[in-house]
Each structure stands twice: as C-alpha cells, then as structure tokens.
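What follows is a short report on a single structure.
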Amino acid sequence: MEVTRRQFLNLGAASTGVLGGSALGFDLAMAKQVKQHLRIEGATVSHSVCPYCAVGCSLLAYTKKASNGKVELLQIEGNPDSPVNEGTLCPKGATSLELAVSRRRVPSPLYRAPGAKEWKRVSWEFTLDKLARNIKASRDRTFLTKDADGNIVNRCEGIAFAGGAAFSSEEGYLATKLMRGLGVVHIEQQARV
Ligand code: SF4
C-alpha cells in the first residue's frame with residue numbers, strides 16, 4: 001500500500017489520540033514503509049550555499065541518477081549542521097529548488113523594444129551587445145568632468161550598479177573595478193540592502 005507523507009502524519013496524530021499501536025503513538029511498521037518510499041532515499045547529498053542573500057545559509061542538495069541516465073535534483077533543504085542557519089531556511093531560500101527545476105524559469109534573455117507590447121526571445125550575443133551600447137550611451141550622456149564648484153570629479157552619474165549576494169569575492173572585485181573604471185559612483189551590494 002502506498003502511503004503519502006501527509007497520510008502518515010495524519011495517521012500518527014490519530015494514533016496518538018487513541019494511544020494505540022505503540023508507545024510513540026503510531027505504527028512503526030507503517031513508518032518503515034514510508035521510509036522506503038522517500039524520494040531522497042539513496043540520493044547523493046551535496047553541500048551548497050543559498051544564493052539569495054548575504055546571510056549565506058547552508059544547503060543540502062539531493063541528486064539522483066534517473067532511469068534515462070540524467071542526474072536529477074530532487075530536493076534542497078537547510079543544513080542542520082550549519083552554525084549559520086541550523087537547518088532552517090527563510091521562505092525564499094526554501095524555494096531555491098525552483099531556481100533549477102521550475103518550468104516557469106526563463107531559459108534565455110528576453111527583449112522588449114521601445115514601444116513594443118511583446119517580449120521576444122533574443123540571443124546572448126544580441127543582449128550583451130545591447131547592454132554595451134546602452135552603457136556607453138548613458139555614460140557619454142551623463143559623464144561629469146567637473147562639479148558645480150569647479151572641482152574635477154570625472155564621474156558617471158547616469159548609471160547605478162547593484163551586485164547580487166551570489167557574487168563571489170572575485171566577481172565582486174571584478175565588477176567594482178569595471179564600474180569604477182567607467183566612473184560609476186553609485187555602487188551597491190545586496191549584502192547591505
Ligand atoms: S535562506 Fe533566506 S536568509 Fe538564508 S541566505 Fe537564503 S535568502 Fe538569506
């Protein structure tokens with residue numbers, strides 16, 4: 001008989017009420033049966049870190065080879081051994097599985113031209129080219145060599161940059177170098193937001 005996790009919990013609660021089955025209040029044979037059907041049984045456990053914010057909660061990711069030979073990501077949960085999150089995750093981190101497996105995930109860049117109503121799928125070449133052109137145009141338009149008092153400032157006031165918590169230290173260093181090189185002064189990191 002197939003028993004879902006929900007049915008098992010309901011059964012355990014009901015058994016506790018009538019003090020039947022065992023001293024724990026539920027049928028251990030039933031518990032063993034449920035264990036045999038855990039999705040993550042036999043899965044490989046890998047350690048990771050939540051990419052969403054600077055708290056850096058530790059994650060456990062469960063993967064298993066499917067019958068078609070592909071490795072499937074089955075589950076992501078908080079790592080109970082982590083001194084940072086002790087197995088807990090906030091609602092955002094608890095949905096991190098969706099980052100990899102959601103059917104609603106956008107698989108390529110989308111572009112909506114000025115005045116257009118629809119987004120259209122575009123290549124990464126197009127996207128990077130467009131980004132570079134827009135950055136140059138904004139910088140050329142808003143670059144300031146002197147402030148109102150005549151002080152030399154050489155800064156670009158028309159672009160702001162916000163780094164993500166998934167940045168490594170090296171990526172953060174590189175991004176800051178690039179932005180400072182462009183004269184961008186409005187630089188922020190999600191860790192401080
Ligand atoms: S689980 Fe929540 S608090 Fe922890 S790192 Fe992720 S987003 Fe931040």
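Put in order of Cβ neighbour count within 10 Å, fewest first, the listed residues T145, T176 become T145, T176.
Compactness of the range 40-105, taken as the C-alpha radius of gyration over 2.2 N^0.38 Å, stands at 1.14. Legend: translational diffusion of the range 69-193 by Stokes-Einstein, Rh = Kirkwood radius over C-alpha pairs, 10 °C, 1.306 mPa s; D = 85 µm²/s.
No lab work stands behind these numbers, since they all come straight from the coordinates. Since the structure is predicted, the reported quantities are computational estimates derived from the model, not experimental observations. As a convention, Cβ positions derive from the backbone with ideal geometry for all residues, glycine included, and neighbour counts pool all protein chains shown.
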